[in-house]
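Notes to accompany the following structure.
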Amino acid sequence: MWTWVSKNTLRLVYGSPKEWFAPEGFKEGEHGNVEVTEEEGKFLLKANGRILQEDISISRDGEYFCLTMKMWRGNIFGLGDKMGPMNRRQRKYIFFNADDPIHTPIADPLYKSIPFFIVLDRKTSFGVFFNYPGYMEMDFDSEGKGVFKIKVRGEGLVEYFIFNSSVKEIIREFLNLTGKNFPAPIWAFGYHQSRWGYTDRNVVMEIARKFREKSIPCDGIFLDLEHMDSFKNFTWDEENFKEFPEFVKELHDMGFKVVPIVDAGVKVEEGYEIFNEGKKNGYFLKTKDGKDFEGAVWPGRTRFPDFTRDDVREWWGEKYANFVEKTNVDGFWNDMNEPTIFATQEELDEMRERMADIDLDDGWMIPLTLLSFSNVFKSQREEEIVHKDDLPHWKVRNAYGMLMTKACWEGLKKRFPSRRFLILSRSAYPGIQKYGGVWTGDNHSWWEHILQEMINIQSLSICGIFFCGFDVGGFGGDVTPELLVRFYQLGAFTPFFRNHSAIGTKRQEPWVFGEYYENVIKEIINLRYSLIPYIYSSYMLGIMKNVPLVRPLFFEFQDDPVTHTIEDEYMFGPSILVAPIYRFGQEKRVVYLPKVRWLYIPTGEIMKPGWRVVDAPLEVIPLFQREDTAVVKMDPQNFIFEKDLKRLYFDVFLNERVEIELYEDDGESFSFEEGDFSLRRVLITRDKIEVESSRGGYKPPVREWVFKILEVEGRIREISILVDERDLKIPLR
Ligand code: GLC
């Protein structure tokens, strides 16, 4: 069965699935014809005369619904943050959200399920989204026989086929279907400090003070489990975090925003309001015999809200809003929401029994038994858990974290309609981007993870999740000085820039390795802050136009096939190419520069397109500015709203003509949705600068704009002008 969703998107139904979370952009229409022909039980699918899928066959394997077809030609990009190369071809992936804290090269599945990918070859590109939030496997020809296989537990699945010739259009179309990205507040683009292990209020204050004493910019302090009373969500520890609202205020007065953690599991404790309400109203996930399902997470015995239900989400959403009312925190990071379940009572009993039977004579059974215990932690308990109306957990698990985040967004939006919060989630499913951003979970202080995170943020971005980041410095393991610097250099060029680490690991604040490294890191953070106008403008324009901030090279230069093979460089916004260093001791880098001339920012050298080698000692981030672009900057500050901006800087790299759009708004409310923003077109040619008067109702203050214009032949001119809201045309000599 098929229907057109738009001119470029076809919805195909295989088997008899129920589409639990139909994308919001789903509207039926008539946009052409579809032809299905059959030969020897295999189908051929053509739309508007073009072959989309060949050799399609459908079969069943017990409870599984299987679909195979001829593998498409070209590279496969997408699937969110999966381990391994950015091109997903020749591997098999599982979609079933899991908390796997050791991201080895083969770890799969992890926390998110983003069953969307782009097929890209020299001639064509198209997108495929299998909208199924239950257990699913996809095999992109792991056996090299030219076959794509998909297998779901269930009765069938729905595919959205987005055909188009450009990656940009495919992403746009995918977001028309699944929803636009949420507007993060401007301070969310600053730097954030976090750690599991900031034991009390004094420790946090000491960290905060250090940032200000050392003038290292920082906007957000994240609070991990310690702030809670016995791991109970939406509470604070009266001893270690006493007078919590006042503590938040103290941080606010110093210019910090405060973002506490919230876990999906609710501590089982009579008298704890949230537990009592959840139990009384039957809001928790159930077992098959109708009891509340109980497992263990941080607090010990824990129950889990059934976020697939509207009433439960509304209830849970109010909890965030109540907590903000009490404490005035500025956002939330939603964690353990795959959901993670450390163990159940039955599993513990079974483990005990098996251990009781084992003795030294059992030889190799000893390690085998111990190893099998580690799988308990990874198990998703899909056989035991049921949702409302007997809906089995394995049919909807992958949407659980997204729905928790939806509750968060909706609860806050309802109570605080004009305040933007920073909302994050570890687990995700398409649609998450409407409610918050994501981080990639528990990475390690390993060199390999710098490259992996580079791949992750590009893959998340092309899957429509624009606000993404990773734990800078690495979450697990002990960081080393050079590794920390290189982690920062990548992190500064991602949307969400936060240092976070696990309890028991080496501390990794910017200053832990002494003055030299501290200064190098401080400069990286300063550089990030100088770019805030560029980053924020690009992000906000991006969420309106469905264009990510992080863009693989093929996004910008699709017709150059070399870019299809590059995963260790990317564009950060429209003007900057980043080629981070991800190996210990490396001081030079080979980079591919597509199509145009590039300015190597660290030295000011102008480079022709092609393969180049650049110097990149530890203090240097290989950054390039694209020909005919401008980067809008500001003077770094300790935090984003510290001072009114008196000056903006435009670094212009000019050949013929630079045309940019500069977006500004108040950065923290939703009034931009009513037109309170400022959008101005700035045009720079060799003989003039033109600034168009601002569109939109927001009036940025009168400022000095300092243009530094570098022409491709090397001439540099500097000119500074006072800009108010009027049109301007300045001739250049
Ligand atoms: C999970 C999160 C991590 C957090 C920890 C303790 O492992 O991924 O970021 O610090 O839980 O809350």
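Does Val297 count as closer than 26 Å to Ala98 by Cα, within 16 Å of the ligand (Cβ to nearest atom) and either touching an Asp or Glu at 6+ places or on another chain (Cβ under 7 Å) or acidic (Asp, Glu) (or both)? Judged against the criteria, Val297 is a match. Does Val631 meet the test of being touching a strand residue (DSSP E or B) at 6+ places or on another chain (Cβ under 7 Å), within 30 Å of Lys214 (Cβ to Cβ) and aliphatic (A, V, I, L, M)? Yes. If you go through the range 263-273 and pick out every residue that is surrounded by fewer than 21 Cβ atoms within 10 Å (Cβ to Cβ) and within 16 Å of the ligand (Cβ to nearest atom), you end up with 0.
Across the range 474-519, what is the total count of residues that are of a type in the set (S, T, N, Q), assigned to a loop (DSSP other than H, G, I, E, B) and within 15 Å of the ligand (Cβ to nearest atom)?
Going through the range 474-519, the residues of a type in the set (S, T, N, Q) turn out to be 480, 489, 494, 499, 501, 505, 508, 519.
Keeping just the survivors that are assigned to a loop (DSSP other than H, G, I, E, B) gives 480, 494, 501, 505, 508.
Right, trim to within 15 Å of the ligand (Cβ to nearest atom) and you get 501, 505, 508.
Adding up the residues that qualify gives 3.
Scan the range 202-229 residue by residue and report those that are within 16 Å of Thr327 (Cβ to Cβ) and either open to solvent by 30 Å² or more (accessible area, probe 1.4 Å) or at pLDDT below 95 (or both). Correct list: Glu226, Asp229.
Whether any residue in the range 274-290 is within 22 Å of Met402 (Cβ to Cβ) and within 16 Å of the ligand (Cβ to nearest atom) is what I want to check.
Restricting attention to the range 274-290, the residues satisfying the condition of being within 22 Å of Met402 (Cβ to Cβ) are 274, 278, 283-286.
Checking which are within 16 Å of the ligand (Cβ to nearest atom) leaves us with none.
Checked against the condition, which is being within 22 Å of Met402 (Cβ to Cβ) and within 16 Å of the ligand (Cβ to nearest atom), the range 274-290 yields no hits at all.
Scanning the range 410-449 for residues that are within 22 Å of Phe487 (Cβ to Cβ) and aliphatic (A, V, I, L, M), we see that the one that is farthest from the ligand (Cβ to nearest atom) is Leu422.
Residues checked against (1) in contact with a strand residue (DSSP E or B) (Cβ under 9 Å, 6 or more places away or on another chain); (2) among the β-branched types (Val, Ile, Thr); (3) open to solvent by 80 Å² or more (accessible area, probe 1.4 Å):
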residue: Asn33; (1), (2), (3): yes, no, yes
residue: Glu40; (1), (2), (3): no, no, yes
residue: Phe43; (1), (2), (3): yes, no, no
residue: Asp55; (1), (2), (3): yes, no, no
residue: Phe65; (1), (2), (3): yes, no, no
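Scoring Pro533 on the criteria (1) farther than 27 Å from Lys123 by Cα; (2) assigned to a helix (DSSP H, G or I); (3) open to solvent by less than 10 Å² (accessible area, probe 1.4 Å) leaves a single failure, condition (3).
Among Glu347, Glu314, Glu353, Glu382, which is at pLDDT 90 or above, surrounded by 14 or more Cβ atoms within 10 Å (Cβ to Cβ) and among the charged types (D, E, K, R)? Steps first, please.
On the way: Glu314 fails: surrounded by 14 or more Cβ atoms within 10 Å (Cβ to Cβ); Glu353 fails: surrounded by 14 or more Cβ atoms within 10 Å (Cβ to Cβ); Glu382 fails: at pLDDT 90 or above.
After ruling out the rest, the residue left standing is Glu347.
In this structure, does Phe493 turn out to be without any contact (Cβ under 8 Å) to a residue 40 or more places away in the chain and within 15 Å of the chain's Cα centre (by Cα)? Give the steps one after another, and end with the answer.
Numbers: without any contact (Cβ under 8 Å) to a residue 40 or more places away in the chain: no; within 15 Å of the chain's Cα centre (by Cα): yes.
So Phe493 fails the test.
For the range 117-225, which fully contained strands (runs of 3 or more DSSP E) count at least 2 residues that are farther than 20 Å from Gln458 by Cα? Even if it seems obvious, please write down each step before you answer.
Numbers: elements: 125-130, 136-140, 147-153, 156-164, 191-193, 220-223.
So the answer is 136-140, 147-153, 156-164, 191-193, 220-223.
When the strands (runs of 3 or more DSSP E) confined to the range 607-699 are screened for residues that are open to solvent by 30 Å² or more (accessible area, probe 1.4 Å), those reaching at least 2 such residues are found at 610-615, 647-654, 657-664, 688-691. In the range 114-136 there is no residue that is in contact (Cβ under 8 Å) with a residue 24 or more places away in the chain, touching a Phe, Trp or Tyr at 6+ places or on another chain (Cβ under 9 Å), basic (Lys, Arg) and over 30 Å from Asp635 (Cβ atoms). Of all the numbered requirements in (1) under 22 Å from Gly401 (Cβ atoms); (2) assigned to a loop (DSSP other than H, G, I, E, B); (3) open to solvent by 10 Å² or more (accessible area, probe 1.4 Å); (4) aliphatic (A, V, I, L, M), Ile106 misses one, and that requirement is (1). Looking only at residues in the range 167-199 that are touching a helix residue (DSSP H, G or I) at 6+ places or on another chain (Cβ under 7 Å) and within 16 Å of the ligand (Cβ to nearest atom), the one that is farthest from Val259 (Cα to Cα) is Thr199.
The values are calculated or read from the model by the stated rules, or taken from the named source; none is laboratory data. Note that the coordinates shown come from a computational prediction; the quantities given were computed from them, not determined experimentally. When we count neighbours, we look across all protein chains shown, and the Cβ atoms used for this are built from the backbone with ideal geometry, even at glycine. For the accessible areas, the whole protein counts, side chains as well, though only heavy atoms, and no ligand, DNA or RNA atoms are used. Shrake-Rupley method; radii C 1.70, N 1.55, O 1.52, S 1.80 Å.
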